[in-house]
1. Tell me whether the range 206-226 contains one or more residues that are surrounded by fewer than 14 Cβ atoms within 10 Å (Cβ to Cβ), of a type in the set (Gly, Ala, Ser) and more than 26 Å from THR242 (Cβ to Cβ).
2. Among the residues in the range 34-41, are any assigned to a helix (DSSP H, G or I) and free of Cβ contacts under 8 Å to residues at least 24 places away in the same chain?
3. Quick one: what pairs do we get from the range 269-282, first residue under 16 Å from MET94 (Cα atoms), second outside any helix (DSSP H, G or I) and of a type in the set (A, V, I, L, M, F, W, C), C-beta under 8 Å, 6+ apart or different chains?
4. Which one of GLY74, GLY59 is in a helix (DSSP H, G or I) and at pLDDT 85 or above?
5. Give me the pairs: first residue in the range 2-28 and within 19 Å of ASP192 (Cβ to Cβ), second residue surrounded by 16 or more Cβ atoms within 10 Å (Cβ to Cβ) and of a type in the set (D, E, K, R), beta-carbon distance under 9 Å, and six or more apart or on different chains, which are they?
6. Looking at the range 248-266, is at least one residue among the β-branched types (Val, Ile, Thr) and surrounded by fewer than 14 Cβ atoms within 10 Å (Cβ to Cβ)?
7. Among what's in the range 91-121 and is more than 22 Å from LEU303 (Cβ to Cβ), part of a helix (DSSP H, G or I) and of a type in the set (D, E, K, R), pick the residue that is modelled with the lowest pLDDT.
Amino acid sequence: MSLPDYIIVFFYLSAMVGVGIYFRKKASAGIDSYFLGDRQLPWWVLGASGMSSNLDISGTMINTALIYAFGTMGFFIEIRGGLVLIMAFLMIFMGKWNRRASVMTMAEWMEFRFGKGRDGKLARLFAALAILISTIWIITYFSVGAGKFIGEFLQFKYYLGLSPEFWAASLMIVLATIYTITSGLYGVVWTDFFQGGLIFLAIVITCIISFARFDLPEVFHLSIPLKDGGYTLIETTREQWTGIIPVWKLGFPENSVYSIYNMFGIAVIFFMIKTIIEGSSGTSGYMIQRFFASRSDRETGLLSLF
């Protein structure tokens, strides 16, 4: 990276913090303002925020690896969450039902759903604990991915015996914490909206470059990771790699990390059933906040669609 690249990164990170500071006054008006944006945030901002919040560098690297190894069929693995089948349920049914509860958090929604008695209080407690544990896991997962990627690009060095990945991840966590704590949901969704625009622009540019500059040969080899840390080459064809109809079985070597998907049909069916069950029970975690914050039933559907 050259000096102009570092300047762009600096202004980008500064802008993220600046958004949080800008919305601080609005967020401090009350607890509804802080957690739900006074339920007056536009659907297109909430929808873009949902997209941006679920697009991270760790997931992007995993999806890229899956598409590289499996071809187009790699998208079927992402039925487990990356392809937004669950959003169909939220758009038609569950999003508006979540919103109608007029609650502020997932834990509070559990008590609304199961009542104020012992069962409802237990459900609320378990929801709060589950969200806390899963949030720690998610932040750790994102931080490791971001640390690897950002540490490489910004050329962080070892310092105080700690790795470049640690310092890169720490920088991202500190900046995100500043604008989140300062401006609540306002800061989260508007920074997400800005990031979502950059992400979409990058997707368009990448697709144009890919289609304009590269052609797939009729026969080529893929480098597949092995369980022992090495790699092996497997041969594939353009027709097979670009096929959109899933097959029942794959032929990855047994010592490859992708051999767990060799019963591909069963894996896809499992992910379908899992997603349908999850979709029928509504959203959760950080995503449900967008539905609680929407202005109307109609807008919950629009933000899901978007």
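1. Checking the range 206-226: not a single residue is surrounded by fewer than 14 Cβ atoms within 10 Å (Cβ to Cβ), of a type in the set (Gly, Ala, Ser) and more than 26 Å from THR242 (Cβ to Cβ).
2. yes
3. Once the first residue is under 16 Å from MET94 (Cα atoms) and sits in the range 269-282, its partners that are outside any helix (DSSP H, G or I) and of a type in the set (A, V, I, L, M, F, W, C) give THR275/LEU85; ILE276/LEU85; GLY279/LEU85.
4. The unique qualifying residue is GLY74.
5. Correct list of pairs: LYS26/ASP38.
6. yes
7. The residue in question is GLU111.
Matching residues to (1) at pLDDT below 90; (2) part of a loop (DSSP other than H, G, I, E, B); (3) over 22 Å from ALA65 (Cβ atoms):
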| site | (1), (2), (3) |
| --- | --- |
| LEU233 | no, no, no |
| THR275 | yes, no, no |
| GLY279 | yes, no, yes |
| GLU299 | no, no, yes |
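The values are calculated or read from the model by the stated rules, or taken from the named source; none is laboratory data. Every value quoted in this text rests on a predicted model; they were computed, and no experiment measured them. All Cβ positions, even for glycine, are placed from backbone atoms using ideal geometry, and neighbour counts span all protein chains on display.
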